[in-house]
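K.L.:
Here you go, one structure.
The values are calculated or read from the model by the stated rules, or taken from the named source; none is laboratory data. No experiment lies behind these values; they were computed from the predicted model shown. Glycine gets a Cβ as well: all are built from the backbone with ideal geometry, and neighbour counts include every protein chain shown. Side chains are part of the model used for accessible areas, which takes the heavy atoms of the whole protein and leaves out ligands, DNA and RNA. Shrake-Rupley method; radii C 1.70, N 1.55, O 1.52, S 1.80 Å.
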Amino acid sequence: MAELHCDIAILGAGPAGLAAALSAAACGKRVIILDDNPVPGGQIWRDGPGAGLAQAARKLRADVANNPNISILSGARLIARAQPRALLYEREHDCGLLYWRRLILCCGARELQLPFPGWTLPGVTGAGGLQALLKQGLCMAKERVVIAGSGPLLLAVAASVRQAGGQVAAIVEQAPLHAMLRFSAGLWRWPEKVRQLAGLVDRRWRPASQVSAALGDSRLTAVRIRHAGRERELACDRLATGYGLIPNIEPALLFGCPLAGVAIAVDSYQQTGVADIFAAGECTGVGGSELALAEGAIAGYAAADDGARARNLFPRRERWRRFAKALENAFALSPQLGDICTPESLLCRCEDVATEDVAGAADWRCAKTTHRCGMGACQGRICGAAARWLWGWPLPAPREPLSPARIETLAHMSPSGSPE
């Protein structure tokens with residue numbers, strides 16, 4: 001087992017993690033980034049044969065790679081908290097302990113998936129999941145694709161589908177038109193976003209609509225779309241859904257960090273409520289790559305005890321926080337989305353648990369113990385988030401190991417659950 005030591009450890013190599021690493025390294029700190037992807041960039045800058053990385057993303061990755069104070073452990077999953085200041089991690093062929101003096105959580109976010117009839121059919125994926133496949137070189141070969149849910153990611157996925165040779169049959173947005181118009185009218189404050197939006201506009205975009213069912217026997221053949229109380233069917237080969245992003249807070253809960261709503265609570269220097277632990281990026285609240293970069297840089301400077309340079313970035317962070325708030329208001333999910341989840345709809349796909357099986361449960365623990373809900377491969381990350389949205393159940397504190405691990409890695413854990 002390897003044993004590594006650093007001044008500052010960073011969980012996640014997305015925009016926030018990379019920015020934090022450069023800031024801390026500029027202060028002379030030894031930085032190690034732990035990331036579960038094969039190459040840095042996170043989900044938003046995922047690389048692959050079908051990806052077209054922006055120049056800013058390529059420069060940031062190159063700056064990190066060429067900095068002698070920064071090391072990246074790619075393809076490494078966080079398994080457990082070994083000691084108060086040590087992490088147990090696992091990679092494809094090895095595992096190790098990472099000792100740190102300060103820790104920055106840049107764990108990103110994941111898609112919120114809401115259950116509805118047929119959402120487990122082959123041909124139905126998450127919107128971000130489809131985009132990841134496209135970046136890895138998936139060829140659509142004129143497939144008809146419906147993209148549904150909420151948020152600007154839907155337009156970005158549609159652009160990726162067209163680039164890969166697919167046909168966008170419809171972009172089904174749950175937010176109402178008046179909210180979109182109000183949001184668009186305020187975009188002059190962020191001209192960068194105006195230029196982005198101009199390149200993503202699609203005439204097949206349909207506001208105030210929801211996909212209420214995916215249809216087909218052994219595979220998706222059509223979807224049922226609801227608008228203004230009426231439903232229609234639309235033939236398609238693929239359906240990609242995503243109802244916005246939710247912060248990944250499980251590592252923060254593992255370290256006992258307090259939350260602010262559904263995100264990690266931080267102060268003006270991105271410090272959590274636990275000494276020497278900071279957080280930045282989507283895990284502290286979803287706001288896009290620009291906000292993540294600002295927060296990451298502030299966290300890196302603050303963790304390296306350079307408060308002056310951290311404060312210089314406060315105005316930039318505040319600008320993009322205002323954008324994040326406008327985005328949140330515009331794409332707020334309608335409570336009516338809960339109506340598309342029928343009693344027979346599967347909530348937990350791993351264990352085949354229907355919503356009617358657990359709808360009357362008092363909380364997540366009850367659903368888990370009586371029906372094995374959340375006991376599958378995703379460990380409740382998908383169904384737990386859906387249950388929280390549907391019924392208001394709080395997410396339970398995670399248990400170690402945080403991720404599935406090999407026996408030889410788990411052998412380093414004590415019977416109490418913490419590594420020896």
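K.L.:
Within the group Gly384, Gly374, which residue is in a loop (DSSP other than H, G, I, E, B) and either free of Cβ contacts under 8 Å to residues at least 60 places away in the same chain or in contact with a helix residue (DSSP H, G or I) (Cβ under 7 Å, 6 or more places away or on another chain) (or both)?
P.N.:
Of Gly384, Gly374, the one residue that is in a loop (DSSP other than H, G, I, E, B) and either free of Cβ contacts under 8 Å to residues at least 60 places away in the same chain or in contact with a helix residue (DSSP H, G or I) (Cβ under 7 Å, 6 or more places away or on another chain) (or both) is Gly374.
K.L.:
Additional query: Would you pick out the residues in region 132-156 that are assigned to a loop (DSSP other than H, G, I, E, B), open to solvent by less than 40 Å² (accessible area, probe 1.4 Å) and on the phi > 0 side of the Ramachandran plot?
P.N.:
Within region 132-156, just Gly151 meets the criteria.
K.L.:
Then there's this: When you go through Glu328, Glu356, Glu408 one by one, which is the residue that is acidic (Asp, Glu), touching a strand residue (DSSP E or B) at 6+ places or on another chain (Cβ under 8 Å) and either open to solvent by 80 Å² or more (accessible area, probe 1.4 Å) or in a helix (DSSP H, G or I) (or both)?
P.N.:
When all the criteria are applied, what remains is Glu408.
K.L.:
Oh, and also: For region 75-88, which positions are within 20 Å of the chain's Cα centre (by Cα) and either open to solvent by less than 70 Å² (accessible area, probe 1.4 Å) or over 30 Å from Thr409 (Cα atoms) (or both)?
P.N.:
Gly75, Ala76, Leu78, Ile79
K.L.:
Moving to a separate point now. Collect the residues in region 372-396 that are open to solvent by less than 50 Å² (accessible area, probe 1.4 Å), among the hydrophobic types (A, V, I, L, M, F, W, C), in contact with a Cys (Cβ under 8 Å, 6 or more places away or on another chain) and more than 15 Å from Asp339 (Cα to Cα), keeping them in residue-number order.
P.N.:
Cys373, Cys378, Cys383
K.L.:
Is there a residue being modelled with pLDDT of 95 or more, closer than 30 Å to Ile225 by Cα and either surrounded by fewer than 19 Cβ atoms within 10 Å (Cβ to Cβ) or over 16 Å from the mean Cα position of the chain (by Cα) (or both) anywhere in region 333-342?
P.N.:
yes
K.L.:
Quick one: is Trp188 open to solvent by 20 Å² or more (accessible area, probe 1.4 Å), touching a strand residue (DSSP E or B) at 6+ places or on another chain (Cβ under 8 Å) and farther than 24 Å from Thr342 by Cα?
P.N.:
Criteria not met by Trp188.
K.L.:
Name the pairs whose Cβ atoms lie under 7 Å apart, with the first residue in region 53-77 and within 16 Å of Pro38 (Cα to Cα), the second β-branched (Val, Ile, Thr) and open to solvent by less than 30 Å² (accessible area, probe 1.4 Å), and 6 or more positions between them or separate chains?
P.N.:
The qualifying pairs are Val64/Ile70; Ser71/Ile32; Ile72/Ile33; Leu73/Ile32; Leu73/Ile33.
K.L.:
Would you call Ala175 aliphatic (A, V, I, L, M), part of a loop (DSSP other than H, G, I, E, B) and modelled with pLDDT of 95 or more? Quick ask: steps written out before the conclusion?
P.N.:
Working: aliphatic (A, V, I, L, M): yes; part of a loop (DSSP other than H, G, I, E, B): yes; modelled with pLDDT of 95 or more: yes.
Yes; evaluated as a whole, the condition is true for this residue.
K.L.:
Select, from Arg110, Arg102, the only residue that is within 30 Å of Gly242 (Cβ to Cβ) and part of a strand (DSSP E or B).
P.N.:
On inspection, the qualifying residue turns out to be Arg110.
K.L.:
So which residues in region 172-185 are open to solvent by 30 Å² or more (accessible area, probe 1.4 Å) and of a type in the set (S, T, N, Q), if there are any at all?
P.N.:
Across region 172-185, the qualifying residue is only Ser184.
K.L.:
On the given criteria, is Gly48 at positive phi, touching a helix residue (DSSP H, G or I) at 6+ places or on another chain (Cβ under 7 Å) and in contact (Cβ under 8 Å) with a residue 24 or more places away in the chain?
P.N.:
Yes; evaluated as a whole, the condition is true for this residue.
K.L.:
Here's a follow-up. Enumerate the pairs (first residue in region 238-266 and within 19 Å of Glu400 (Cα to Cα); second residue anywhere and open to solvent by 50 Å² or more (accessible area, probe 1.4 Å) and in a strand (DSSP E or B)) with beta-carbon separation below 7 Å, excluding pairs fewer than 6 apart on the same chain, so at least 6 apart or on different chains.
P.N.:
Qualifying pairs under 7 Å: Ile249/Leu259; Leu254/Arg81; Phe255/Arg81.
K.L.:
Take Ile33 and decide whether it is in contact with a Ser or Thr (Cβ under 6 Å, 6 or more places away or on another chain), β-branched (Val, Ile, Thr) and either modelled with pLDDT of 95 or more or open to solvent by 10 Å² or more (accessible area, probe 1.4 Å) (or both).
P.N.:
Details: in contact with a Ser or Thr (Cβ under 6 Å, 6 or more places away or on another chain): no; β-branched (Val, Ile, Thr): yes; either modelled with pLDDT of 95 or more or open to solvent by 10 Å² or more (accessible area, probe 1.4 Å) (or both): yes.
It is false that Ile33 is in contact with a Ser or Thr (Cβ under 6 Å, 6 or more places away or on another chain), β-branched (Val, Ile, Thr) and either modelled with pLDDT of 95 or more or open to solvent by 10 Å² or more (accessible area, probe 1.4 Å) (or both).
K.L.:
Check region 191-199 and report whether any residue there is modelled with pLDDT of 95 or more, of a type in the set (D, E, K, R), open to solvent by 40 Å² or more (accessible area, probe 1.4 Å) and not in a loop (DSSP other than H, G, I, E, B).
P.N.:
No - not one qualifying residue is present in region 191-199.
K.L.:
On to the next question. I need the full set of residues from region 162-174 which are under 20 Å from Gln113 (Cα atoms) and out of contact with any Pro (no Cβ under 6 Å at 6 or more places or on another chain), in order please. Full working, then the answer.
P.N.:
The first filter runs over region 162-174 and keeps only residues under 20 Å from Gln113 (Cα atoms), leaving 170-174.
Selection gives Ala170, Ile171, Val172, Gln174.
K.L.:
Do you know which of the residues in region 109-131 that are open to solvent by less than 20 Å² (accessible area, probe 1.4 Å) and within 17 Å of the chain's Cα centre (by Cα) is farthest from Val31 (Cα to Cα)?
P.N.:
Selected residue: Leu114.
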